[in-house]
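See structure below.
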Amino acid sequence: MKIILIMGLPGAGKTTLADELAPKLGAKRLNADEVRKAANDWDFSEEGRKRQAKRMANFAEELKNQGNYVVADFVCPTPEARNLFPADFVIWVDTIKEGRFDDTNKMFVKPEKYDFHVTSQDAKVWAEKILKEIIQ
């Protein structure tokens, strides 16, 4: 079982891709917005984003330890936030130059390490390609 991180700017297509991929793997889903809502934590400062990465990591680890694939979609904008999240497979959704939130655009650091690079918004096609990589 693996924890799969789908990361990228807001509006890039992370959630759409996660919604396509998760059922193909029989995976549990973690959506950053839903997790933030449940925690009632809308702090998007650097500290707030680290707290969110840790929160997402705790949920993901718990689900993985129960024997599940986990598909998590969230921005994860900095290398530090990414280091806090224990992804076994990282998908970078790189389909837009800027997201809808200026503070996130300024903070976002393109990842240097990832397992799969998505370059267009066609979730059905990408999900099939990614599935082959994950289950090989």
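The numbers here are math on the coordinates, done by the rules we state, and not lab data. What you see is a predicted model, and the numbers here were worked out from it, not measured in a lab. Cβ coordinates were reconstructed from backbone atoms using ideal geometry, including for glycine residues, and neighbour counts include every protein chain displayed.
Taking 0.36 nm per residue of separation and subtracting the Cα-Cα distance, what length does fully extending Glu98 through Lys132 add?
My answer for the length gained is 9.3 nm.
Of (i) 1.11; (ii) 1.47; (iii) 0.96, which one was derived for Cα Rg over 2.2 N^0.38 Å from the structure shown?
Among (i) 1.11; (ii) 1.47; (iii) 0.96, the one derived from this structure is (iii).
Determine the gain in length on full extension of the stretch Glu61-Asp19; use 0.36 nm per residue of separation and subtract their C-alpha separation, reporting nm with one decimal.
Working it through step by step, the gained length comes to 13.2 nm.
Using per-residue counts of other Cβ atoms within 10 Å, averaged over each peptide, order 41-54, 24-37 from highest down.
My ranking of the peptides, most packed first, is 24-37, 41-54.
Work out which helices of the chain, taken as complete DSSP H runs, extend at least 30 Å along their axis over the Cα atoms and score a mean Kyte-Doolittle of 1.6 or more, then list them.
None pass (Cα extent of 30 Å or more, hydropathy at least 1.6).
Give me the one-decimal nm value for the distance between modelled label points at Gln121 and Asn105, 7 Å along each residue's Cα-to-Cβ direction.
1.5 nm
Dividing the Cα radius of gyration by the Kirkwood radius, what Rg/Rh value follows for segment 57-100?
1.02
From the helices alone, meaning DSSP H stretches of at least four residues, give me the mean residue ellipticity at 222 nm for the chain, per-run term -39500 (n - 2.57), in deg cm²/dmol to the nearest 500.
-14500 deg cm²/dmol
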